[in-house]
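The values are calculated or read from the model by the stated rules, or taken from the named source; none is laboratory data. Computed from a prediction, not measured in an experiment: that's the story for all the values here. Quick reminder, even Gly has a Cβ in these numbers, built from the backbone with ideal geometry, and neighbours come from all protein chains shown. Accessible surface is based on the protein model in full, side chains and every heavy atom, while ligands, DNA and RNA are left aside. Shrake-Rupley method; radii C 1.70, N 1.55, O 1.52, S 1.80 Å.
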Amino acid sequence: MAAPVMQHNKHSSNAPSHLDRTDSRNSESPSEDGNFTDDVVALQKEIGGDLKSLKKVSGLLEQLTLENKQLEEQVLTVSSSVPLRVSAALSTAEESRVKLESLLEKERLLSNTLQQHLQGAQVWADSIGQVLGQLDTLERHMKYLQCLARIEELSDSIQQYLMTNSMWDAVGAIDRMASLDMGLRESGCSHLQAFLRETLRFWHKILKDKLASDFEEVLTQFHWPFISPPTQTLSPPANAQELNSQLELLVSQLLSLQTSDDLISEKKETPSRPEQSQTPPLSLPIQIMLLPLSKRFRYHFTGNRQTNNLSKPEWYLTQVLIWMGNSSNFMDEKIQPILDRAGAKVNARVELCRGLLTLAQEKLAHDAPRLLYDDALFCHLVDEVLQFEKELRSTHSYPRAYPGVLHILLEETVFQKWLSVERKMAVEKVDAMLSAEGAWSSQYKDITDIDELKAPDCAETFMTLLLVITERYRALPCPQAQLSFLALQKELVDDFRIRLTQVMKEESRQPLSPRYCAILNAANYISTVLSDWGDNVFFLQLQQAAVSVGEEILGPLGATETGRLASLEGSLFEALLALLERLRGDMLGRLLDAVMRDVKEKAQPYCKDRWISLPSQSDQATMSLSSSACPMMLCLRDHLLRLQQMLCLPLFQMFWQSLAERLDSFIYEDLILYNHFNEGGAAQLQYDMTRNLFPLFGHYCKRPENFFKHVKEACIILTLKVGPALLFCDVLKQSEEDEGILNHQQPSPESALNELGVYKLAPSDVQILLNLRSAWLNQS
């Protein structure tokens, strides 16, 4: 019993020290609290809570002691092996350092040896480089001399071919010389290039002159140039077959000289206008064919000749068109087949037109600036140029891809003058047309089928003026120029609208006058035409151009407006149409006010009639129109007939419909709601409305009563029998009592009214009308 007690005491005496170590370990490393807790839990599980289980402590202690000893041995083993490994590592590092120093030394020796070798070889390299440079120079000199020799060889060949009259061989040699010229373009041998170009120019001129001379002789036998229209009565020459063969031979040879001719002429001709640089040079045969025509043109239209008249641009423009027409058959029948067989992808007739057009362009460019200070002559020039361009494109089928003569008018100073003259002339014409005697009458007034819009002469003439301006600038090749003219047109339309407003204000005291109605028709006519223009293909194309470049001319466009224009939702004339619509609405309102004032004045006796004391329908043999209503009806009839004659159909439809709505409100509010009605009065009112007022508007629609809904339904209520009226009152009263309660069995007042044919009036309005009945008053 003693031993266990001693062991227990020993264990108990060791416990504090063990706890002290644990506490110190916990204070040093708080992160080990979890491990310590796990050890305690494991120990508790091993020993248990029973004191009798303490005998297991000795075994546990021995086990731990053994483990501790093993760990100490491992530590000693590791600690003893570490110095050996460190020593081995240090030894290896030392060996590596020695090897590295040895390699560095070898590298240093090798570098020195290489440097000495390079220094020794540099002398050889310099000498070899000098020799190579000399070789390169010699090679270039040899190639230079070879080029010279080639040039001399070709030159001698051409000379020999010309001496032996071997024209095709000479043409081939010229072509090879031209190819050599093109090959030397990228080289820096400027002197060689100049020499080659001069040699090429020399032989090209000789060969071209010889071929041109022969070509002109053959053309002369074909009666070229055709100054007057060619006659078909002349019999073909006896040697026609030989002439055709010579013509084809010479044209083919001249076409073969085209490359060298283009090379020679490319430095001579520097285009003064960008339009010239866009077109290829003329074919060499066409250039020669143009020479006699060019001489004639310059003879007649330059210098001090009487035909050179600034006031007569049509003389030289017409002459150019005549030459084009006279020569077209010869070019199509004789020259074009030769060009096709030679593989030249050109149109002979178009080429001739291009050449003749160059003469007209030079003449126009020279004359146009001299006419800037004479408006009459300048306008005449513009008219002739536009007519020339139109005939050139239509009659002579000149392609749109090639520039005509319109670009002469688009040069800045000339174009600004054109715009200012167009504006000035247009304003003068507007002044003249507005001050003319028949400005506000229609020239088609007696032809009803044509005169639907009843446009006065001034408005029709003005829109014709705008249409003429459109036709003048429609063919311009530049969208910016077209937009400039469009801005001018919009400016003119706005100015005309302002003039219409001014005249309208002068006539506003008499809105029923023919002149006032003519102004209204004019505003409607201009608005209608501009709306049609907004859907025109030409203006839609201008609209797309305005989105991209229009701000420079039409001013800044907002993001919304730009989006509408780009999506084609809006129109270029949208702002003008809004202003014209405002003017039209204002004038229609004034017209309606004037008619309603007259009608109300004539309707006063009718409104104050004794509706409560009129005899019943049974007491009268036949119903007739109230005598007090006759002035009002006559007034309405006269105004409608007169305005139907003076207003165009769309405006008159708007007028009578608005008049009907105003009359409906006036009769309902100022007559019906203002009076009480007995049975006879209600019947008389219904007769006056349905048999007299409504038929006045029946000439313009099938169901005029639909425009008098208040009056029509009020007559239904006023003439309603007592029984149905009482039933409706019960429905209305029940509806008021059941307000807020859903009752499907009880009909609503609205459905009851709908059964009676009343849709416009509310139940409260019907109640008021029922209270106006004298029978109702007696019952109440």
Just to be sure before I move on: is ARG564 in a helix (DSSP H, G or I) and at pLDDT below 90 in the structure I sent?
yes
Filter segment 426-445 for residues that are in contact (Cβ under 8 Å) with a residue 12 or more places away in the chain and more than 35 Å from the chain's Cα centre (by Cα) and give the result.
MET433, LEU434, ALA436, GLY438, ALA439, TRP440, SER441, SER442, GLN443
Condition first: of a type in the set (Asp, Glu) and closer than 22 Å to ARG176 by Cα. Now tell me which residues in segment 119-163 satisfy that.
GLU152, GLU153, ASP156
Just to check your reading of the model, which residue among LYS55, LYS99, LYS106 is at pLDDT below 85, in a helix (DSSP H, G or I) and farther than 30 Å from ARG176 by Cβ?
LYS55
Is there any pair linking a residue in segment 391-407 that is under 16 Å from GLU351 (Cβ atoms) and assigned to a helix (DSSP H, G or I) to one that is open to solvent by less than 60 Å² (accessible area, probe 1.4 Å) and of a type in the set (Ser, Thr, Tyr), with Cβ under 8 Å and at least six apart or on different chains, and which?
LEU392/TYR398
Scanning for something part of a helix (DSSP H, G or I), open to solvent by 70 Å² or more (accessible area, probe 1.4 Å), among the hydrophobic types (A, V, I, L, M, F, W, C) and touching a residue at least 60 places away in the same chain (Cβ under 8 Å), does segment 165-176 turn up at least one residue?
yes
Would you confirm whether or not segment 631-645 contains a residue that is in a loop (DSSP other than H, G, I, E, B), crowded, with 18+ Cβ neighbours inside 10 Å, within 60 Å of the chain's Cα centre (by Cα) and of a type outside the set (Ser, Thr, Tyr)?
no
Given the conditions (1) modelled with pLDDT of 95 or more; (2) open to solvent by 50 Å² or more (accessible area, probe 1.4 Å), every one holds for ALA578 apart from (1)
Contact list please: Cβ distance under 9 Å, first residue in segment 713-725 and on the phi < 0 side of the Ramachandran plot, second residue aromatic (Phe, Trp, Tyr) and modelled with pLDDT under 85, pairs at least six apart or on different chains.
ILE717/PHE728; LEU720/PHE728; VAL722/TRP776; ALA725/TRP776
If I filter segment 666-685 for residues that are assigned to a helix (DSSP H, G or I), free of Cβ contacts under 8 Å to residues at least 40 places away in the same chain and buried (at least 18 other Cβ atoms within 10 Å of the Cβ), do I get at least one hit?
no
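Given the condition at pLDDT below 90 and open to solvent by 30 Å² or more (accessible area, probe 1.4 Å), answer yes or no: does some residue in segment 317-330 qualify? Outline the logic, then answer.
Of the residues in segment 317-330, the ones at pLDDT below 90 are none.
No, segment 317-330 contains no residue that is at pLDDT below 90 and open to solvent by 30 Å² or more (accessible area, probe 1.4 Å).
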Residues in segment 716-772 that are at pLDDT below 85, of a type in the set (A, V, I, L, M, F, W, C) and open to solvent by 70 Å² or more (accessible area, probe 1.4 Å): how many?
4
